[in-house]
Amino acid sequence: MKKRSKNWKKYTLEFLSIFVAVISAFALNNWNDNRNNRNAESKILSEIRNGLDKDLEDIHMNQYGHEEGVKASAYFHDLIAGNPVPKDSFLIHYFNLTRDFISIQNTSGYETLQSKGLELVEDDKLRSQIISLFEYDYNILRKMEEEYFELQFQQNYFQSINDMLAPYILLDDQKRIVGIQTPIELTAAEERQFLIYLWKMQANRNFVLGYYSQVEQKVLDLRVAIEEELQN
C-alpha cells in the first residue's frame with residue numbers, strides 16, 4: 001500500500017513537472033510571438049509615419065497648384081471684363097488656368113501592413129484611422145484628380161480657351177510669347193462661354209481644395225496617433 005502511495009506521488013510530481021515545463025514553454029513562445037509582433041508593428045507604424053510626411057508634401061503642392069488655378073480664373077475674369085491686369089503675369093496665369101494634378105501617396109508601409117495582417121495593429125481606433133485614410137480618403141483624392149471628368153481642366157477647357165485667346169497673343173521678334181493684347185474682343189456667345197468656363201473651374205478647384213483640407217487634417221491626426229502609439 002505504501003509502495004503504491006509512493007509511486008502515485010512520484011507520478012504526480014513527474015506529471016506536474018512536465019505540465020509546468022509545457023506551460024512555461026508555451027508562455028515563453030507566446031511572449032516571443034507577442035514581442036516579435038510588437039517589434040513588427042513598431043517598424044511598420046514607423047514606415048507609415050515617415051510616409052505621411054511625404055504625403056503631406058504632395059498634398060501641399062497640389063493645394064498650392066489649385067489655389068494658383070483659382071487666382072488664374074480671377075485674372076482672366078478681369079481680363080475679359082476689361083479690368084486692368086498685370087501683363088507680365090499673363091503666361092504664368094495661362095499656365096495655371098487649366099493645369100491638372102495627380103495625387104501621389106506613399107503606400108509602401110500600408111501595403112506591408114496588409115501583407116502581415118491588419119490585426120498586427122492592436123489598437124482598434126488607430127487601425128481604423130489607417131484603413132480609412134489609405135482605403136478611402138486617398139482613393140477619393142486620386143479619383144478626383146485623375147478620373148473625375150469635371151476636374152480634367154486641360155482636357156475640357158484648354159482647346160476652347162486657346163482658340164479664343166490665340167488671336168490676341170503677343171510675340172517678340174524671336175516668336176516668343178510675351179503677353180496678350182487688350183482689349184479682348186469676343187462675341188457675346190464667346191464671352192459668356194469663357195466666363196462659364198472660369199466659374200466652373202474656380203468652383204471645382206474650391207471643391208477639391210476643401211477635400212484636401214479634410215484629408216490634410218486626417219493625415220496630421222494619424223501622424224500624432226502613431227507617434228503616441230510608438231511611445232507606449
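Just so you know, all these numbers are worked out from the coordinates, no wet-lab data involved. Just so you know, these numbers come straight off a predicted model, no measurement behind them. Using ideal geometry, Cβ is built from the backbone for each residue, glycine included, and neighbour counts are taken over all protein chains shown.
In whole Å, what are the Cα extents of segment 102-189 along the three principal axes, biggest one first?
Extents along the principal axes, in whole Å: 66, 34, 17.
How large is Rg over Rh for segment 30-144, taking Rg from the Cα atoms and Rh as the Kirkwood inverse mean of 1/r across Cα pairs? Walk me through the numbers on the way to the answer.
Working: Rg = 21.6 Å, Rh = 17.2 Å.
A ratio of 1.26.
At 0.36 nm per residue, minus the direct Cα-Cα distance, what do ASP88 and ASP53 gain on full extension? Give it in nm, one decimal, please.
On the way: separation 35, 0.36 × 35 = 12.60 nm, distance 3.57 nm.
Taking ASP88 through ASP53 to full extension adds about 9.0 nm, to one decimal.
So how much slack lies between GLN114 and ILE169, counting 0.36 nm per residue of separation and subtracting their Cα-Cα distance, in nm? Present the calculation step by step, with values, prior to reporting the outcome.
Details: separation 55, 0.36 × 55 = 19.80 nm, distance 5.34 nm.
Taking 0.36 nm per residue and subtracting the Cα distance, the gain is 14.5 nm.
Read phi for every residue in segment 152-161 and hand back ³J(HN,Hα) as whole Hz from Karplus 6.51 cos²θ - 1.76 cosθ + 1.60, θ = phi - 60°, with x for Gly and Pro.
8, 5, 4, 5, 8, 10, 4, 4, 5, 5
For ILE131 and GLU190, what does the FRET efficiency come to when R0 = 41 Å and r is the distance between their Cβ atoms, rounded to the nearest 0.05?
On the way: r = 49 Å, r/R0 = 1.20.
Computed FRET efficiency for ILE131 and GLU190: 0.25.
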